[in-house]
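Q: Pasting in a structure now, in structure tokens, and then I'll have a few things to ask.
The values are calculated or read from the model by the stated rules, or taken from the named source; none is laboratory data. What you see is a predicted model; the values in this text were computed from it and never measured. Glycine gets a Cβ as well: all are built from the backbone with ideal geometry, and neighbour counts include every protein chain shown. For accessibility, only protein heavy atoms count, side chains too; no ligands or nucleic acids. Shrake-Rupley method; radii C 1.70, N 1.55, O 1.52, S 1.80 Å.
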Amino acid sequence: MNHDELNHWSKRAADWARDYHKSLREQPVRPQLTPGDVAAKLPAQAPEQAEPMERIFADFESIVPGATTHWQHPRFFAYFPANASPASMLAEQLANAIAGQAMLWQTAPAANEIEAVMINWLRDAMGLPDSFTGTIHDSATTATLSAILTMRERALDWQGNTAGLSALPRLRLYASGETHSSIDKGARIAGIGQDNLVKIPTTDNFAMDTDALDAAIHADLDAGFLPAGVIACTGGTSIGACDDIRATIAVAKAHNLYTHVDAAWAGSAMICPEFRPLWDGVEGADSVVFNPHKWLGAQFDCAVQFLRDPAPQINTLGLRPEYLNTLGQDEITNYNEWTVPLGRRFRALKLWFTLRAYGLEGLRSRIRNHINWSQECLEIIGKLTGFEITSPRSFSLFTFRFKNSDTETEALLSRINDDGRIYLTQTRHKGQFVIRVQVGQFDCTREDVMMIPTVLKDLT
Ligand code: PLP
């Protein structure tokens with residue numbers, strides 16, 4: 001294929017994309033397949049000779065859409081959303097056309113400078129102080145890993161990177177059990193070890209118990225451990241738990257520990273000033289991550305990390321061999337020194353397009369609608385016979401259970417997802433199997449959300 005043919009096929013792909021999105025409401029959100037169904041349709045070996053694009057495209061149409069879980073379906077209420085606003089899709093097409101690599105300012109000046117400006121736009125839109133700067137990663141997992149590596153190196157006076165960890169004191173990290181498994185993964189990959197991530201108990205409202213945090217740090221110091229950092233959450237994955245950020249940071253700072261706030265999902269809601277009390281005190285954090293690819297509408301992948309001072313992270317992750325020297329431009333920001341991978345995609349473009357095409361007001365009204373519709377839906381489900389709300393609404397997420405039984409609730413979840421009109425997933429809360437509902441799809445309407453109680457009534 002050459003670039004003229006690419007032009008032809010891009011138009012075909014654009015037509016296909018419009019029809020795909022317009023027909024989503026008629027499709028089941030999750031396909032009914034068994035593992036191996038798709039692989040069985042593909043030849044075992046790559047072709048020796050070029051194949052015509054007509055055939056490749058036809059195979060795509062016959063194999064892929066029917067075997068796809070439709071994350072952009074307006075009735076996708078599972079996990080958290082991975083919203084792709086149409087404007088962000090267009091930006092991705094353009095970034096793909098340029099196909100650059102933004103590891104250094106000089107390898108992609110526009111990508112790097114738009115990234116810096118987008119960080120500032122979002123920082124201001126979310127009410128964070130001017131002193132914060134930041135960067136864009138692929139995922140919250142990578143941003144959190146970067147923060148955990150920074151905690152490790154700061155606590156070890158930057159000896160871990162060079163000498164390795166074996167002769168150094170055992171480090172400790174602290175988080176509540178409501179934080180995402182990416183924190184556990186970060187502790188593993190950083191060589192700190194999952195057993196040294198101390199899970200602090202929570203209070204009645206599922207926030208980290210800060211007295212228990214303080215006590216745990218004291219106990220670890222007495223036992224000869226080296227505390228390195230605290231990870232707090234705003235909008236935990238399971239039920240949307242929110243730590244008391246101000247109190248948590250106060251305890252961490254009293255022990256000179258680095259702090260990271262994981263607001264991967266709920267951070268987007270902070271463009272609405274009325275939700276900011278839920279992360280009151282965040283301005284004291286060293287690092288904050290949120291995923292515009294979840295609720296804001298910037299197509300996956302796009303994870304923004306704000307940093308109060310980038311220097312500790314650059315000291316931890318930045319390397320400058322001769323082949324990456326920038327000869328005369330050493331003072332210019334080269335974001336690869338802030339992140340784990342060297343190579344970087346042009347992710348800022350989809351933020352630029354999304355923020356401009358919908359405006360902050362347009363994005364705010366979507367988020368406010370989602371939260372209101374979630375509350376309305378919760379109230380209806382709470383009145384249905386046999387149903388019990390098991391965790392209150394946090395932003396646009398709540399959980400429920402059926403007939404106060406794990407078996408009945410799990411069986412109902414299977415029926416819901418086999419039915420296909422909506423897609424929901426589960427979590428374990430207070431030891432019980434419960435079903436999560438999150439409302440956040442970019443294109444969903446109130447009617448789409450009200451389909452949830454309709455399906456529950458139809459299936460029970
Ligand atoms: N943190 C929270 C609170 C999450 O809900 C998730 C994913 O859902 C993550 C982190 C990990 O996000 P990512 O897929 O960007 O690594």
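Q: Once amide H atoms are placed 1.01 Å from N in the peptide plane, what residues at a sequence separation of 5 or more from Leu226, or on another chain, have their amide H within under 5 Å of its amide H?
A: Placed amide hydrogens put Arg170, Leu171, Arg172 under 5 Å from Leu226.
Q: Let me ask you something else. With the full set of protein chains in place, find how many percent of the accessible area of the chain is carbon and sulfur; take the probe as 1.4 Å. The partial results should precede the final answer.
A: Numbers: 10830 of 20540 Å².
Using a 1.4 Å probe with all protein chains present, the chain comes out at 53 percent carbon and sulfur.
Q: Another question, if that's okay. Tell me, in nm to one decimal, what length is gained between Asp309 and Asn404 on full extension, where the rule is 0.36 nm per residue of separation less the Cα-Cα distance? The partial results should precede the final answer.
A: Working: separation 95, 0.36 × 95 = 34.20 nm, distance 4.84 nm.
Full extension from Asp309 to Asn404 adds 29.4 nm.
Q: Convert each backbone phi in the stretch 70-80 into a coupling constant with the Karplus relation 6.51 cos²θ - 1.76 cosθ + 1.60 (shift: θ = phi - 60°), then list the ³J(HN,Hα) values in order as whole Hz, x for Gly and Pro.
A: Using θ = phi - 60°, the values come out as 8, 5, 9, 5, x, 10, 8, 10, 8, 6, 10 Hz.
Q: How charged is the neighbourhood of Trp121? Take every other residue with its Cβ under 15 Å from the Cβ of Trp121, and add Lys/Arg as +1 and Asp/Glu as -1. Write out the running numbers ahead of the final one.
A: Numbers: positive: Arg123, Arg347, Lys350, Arg356, Arg364; negative: Glu113, Glu115, Asp124, Asp130, Glu361.
Taking every other residue near Trp121 into account, the sum is 0.
Q: If you don't mind, there's one more thing I want to ask. Tell me which of Ala228, Ala207, Ile183 sits at the most positive position along the dipole axis of the stretch 174-239, charges placed on C-beta atoms (Lys, Arg +1; Asp, Glu -1).
A: It is Ile183, whose Cα lies furthest towards the positive end.
Q: Moving to a separate point now. Collect residues whose amide H, placed 1.01 Å from N in the peptide plane, falls under 5 Å from the amide H of Gly134; neighbours closer than 5 in sequence don't count.
A: Leu307
Q: Also: Hey, what do the phi angles of the stretch 39-48 turn into as Karplus ³J(HN,Hα) couplings, whole Hz, using 6.51/-1.76/1.60 and θ = phi - 60°, x for Gly and Pro?
A: Karplus-based 3J(HN,Hα) across the stretch 39-48 equals 4, 5, 8, 9, x, 6, 10, 5, x, 6 Hz.
Q: Looking at the chain from every direction and averaging, what is the projected area of its Cα convex hull in nm²? All intermediate terms of the calculation are to be shown ahead of the outcome.
A: Values: hull surface 98.9 nm².
Answer in nm², one decimal: 24.7.
Q: Using the Karplus equation 6.51 cos²θ - 1.76 cosθ + 1.60 (θ = phi - 60°), what ³J(HN,Hα) coupling, rounded to whole Hz, does each residue of the stretch 414-429 give in order, writing x for Gly and Pro?
A: Rounded to whole hertz, the list is 4, 4, 4, 7, 6, 4, x, 5, 10, 10, 10, 10, 10, 8, 10, 10.
Q: While we're here: Give the residue from Gln32, Ser62, Gln49 lying farthest towards the positive end of the charge dipole for the stretch 22-81; charges sit on Cβ (+1 for Lys and Arg, -1 for Asp and Glu) and the dipole is referred to the Cα centre.
A: Gln32
Q: Follow-up question, since we're still on this one. Please list, in chain and number order, the residues 5+ apart from Gln426 or on another chain whose amide H is under 5 Å from its amide H, with Hs placed from the backbone.
A: Result for Gln426 returns Arg436.
Q: Could you give the accessible area per residue of the stretch 316-460, probe 1.4 Å, as a whole number in Å²? Numbers along the way, then the final one.
A: Working: 6450 Å² over 145 residues.
Here the per-residue accessible area is 44 Å².
Q: Would you mind working out the magnitude of the charge dipole of the stretch 140-277 relative to its Cα centre, with +1 at each Lys and Arg C-beta and -1 at each Asp and Glu C-beta, to the nearest 20 Debye? Let's see the in-between values first.
A: Numbers: 10 positive and 15 negative charges, 93 e Å.
Around 440 debye, computed over the stretch 140-277.
Q: Continuing with this model, one more query. So which of Lys41/Lys350; Lys199/Lys253; Lys199/Lys430; Lys294/Lys350; Lys383/Lys430; Lys403/Lys430 end up more than 24 Å apart by C-alpha?
A: Those over the limit are Lys41/Lys350.
Q: Shifting gears a bit: Within the set of other residues whose C-beta is less than 15 Å from the C-beta of Arg345, count the net charge using Lys and Arg as +1 and Asp and Glu as -1. List each step's numbers first, then the result.
A: Values: positive: Arg344, Arg347, Lys350; negative: Glu92, Glu115, Asp138, Asp301.
The answer is -1.
Q: Among Thr454, Thr133, His370, flag the residue with its Cα farthest along the positive direction of the charge dipole of the chain, charges on Cβ as +1 for Lys/Arg and -1 for Asp/Glu.
A: Thr454
Q: I want to check the label-to-label distance for Ile332 and Ala219. Put each point 7 Å from Cα in the C-beta direction and report it in nm to one decimal.
A: So the label points at Ile332 and Ala219 sit 5.2 nm apart.
Q: Given Cβ point charges of +1 (Lys, Arg) and -1 (Asp, Glu) and nothing else, what value in debye, to the nearest 20, does the dipole of the chain about its Cα centre take? Each step should come with its number before you reach the end.
A: Details: 42 positive and 54 negative charges, 139 e Å.
The calculation lands at about 660 debye.
Q: Under a point-charge model restricted to the Cβ atoms of Lys and Arg (+1) and Asp and Glu (-1), what is the dipole moment magnitude of the stretch 173-214 relative to its Cα centre, in debye to the nearest 20?
A: Numbers: 3 positive and 7 negative charges, 67 e Å.
Dipole about the Cα centre, nearest 20: 320 debye.
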